[in-house]
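Student: This structure is in structure tokens; I'll ask about it shortly.
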Amino acid sequence: MKEIVLASNNKGKLAEYRAMLKGYSVVTPKDLGLTVDVEETGDTFYDNALIKARALFELSGRPALADDSGLCVDALGGAPGVFSARYSGGGDADNNAKLLKALDGVVDRSAHFECCIVYYDGNDIISATGKAYGRITRELCDRGGFGYDPLFLSDDLNKTFGEASEAEKNGISHRARALTALMDLLGADNV
Ligand code: IMP
């Protein structure tokens, strides 16, 4: 089975990738005793994912996968975008509070989550993008999830990502959609 290194040690992400990339053995930097510490200096999700995939390939010598994702709010010109994790300078609660404040009195609350995944094996760069559309709520609707989940009312689910079960979210999420598209490009089922 072909080995692929994922630029994340996050257990949830790892499980999702392992479930989808059937023909591959997905390992993490931690499994290989590696630490990947790169600055995400790109202007786009693609740029940042490529920076991470390249760095991981150079370090591990193995085909590498990296993703980058975030929330893009139409009324804010696509912000917080690539700055989603560091929008407020604090954690998830501060990010959510800052977003609600930025949208105070704003009627058009349309937004989408976007995820770009890049595969790099030293020769080929293969990438795929997935999006999930919805609207930003006027208050936190929280039962779980992370990041902006409690504020994102999904068009697909008709509930917030914070209220959705893991399975519901994984069926339609930006990450799942990007991963499905990438899997097709890699021919993962046929390996
Ligand atoms: P990452 O690139 O997957 O680490 O995501 C960067 C940031 O985007 C996270 O820290 C969250 O703030 C936000 N984000 C990305 N995906 C999601 C999601 O599915 N739900 C909520 N927030 C997300």
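Bear in mind that the values in this text are calculations on the coordinates, not laboratory data. In this text, all values refer to a predicted model and were calculated from it rather than measured experimentally. Cβ atoms come from the backbone with ideal geometry, glycine included; neighbour counts cover every protein chain shown.
Student: Inside segment 90-191, counting only helices (runs of 4 or more DSSP H) that do not spill past its ends, which hold 2 or more residues that are within 13 Å of the ligand (Cβ to nearest atom) and closer than 30 Å to residue 62 by Cβ?
Tutor: Passing ranges, in order: 166-172, 174-186.
Student: In the list 64, 85, 19, 55, which residue meets the criterion of being among the hydrophobic types (A, V, I, L, M, F, W, C) and within 11 Å of the ligand (Cβ to nearest atom)?
Tutor: Only one candidate passes the filter, namely 85.
Student: Being in contact (Cβ under 8 Å) with a residue 24 or more places away in the chain and surrounded by fewer than 14 Cβ atoms within 10 Å (Cβ to Cβ) narrows it down to one of 108, 92, 74, so name that one.
Tutor: Of 108, 92, 74, the one residue that is in contact (Cβ under 8 Å) with a residue 24 or more places away in the chain and surrounded by fewer than 14 Cβ atoms within 10 Å (Cβ to Cβ) is 108.
Student: While we're on this one: Scanning for something charged (D, E, K, R) and part of a helix (DSSP H, G or I), does segment 16-27 turn up at least one residue?
Tutor: yes
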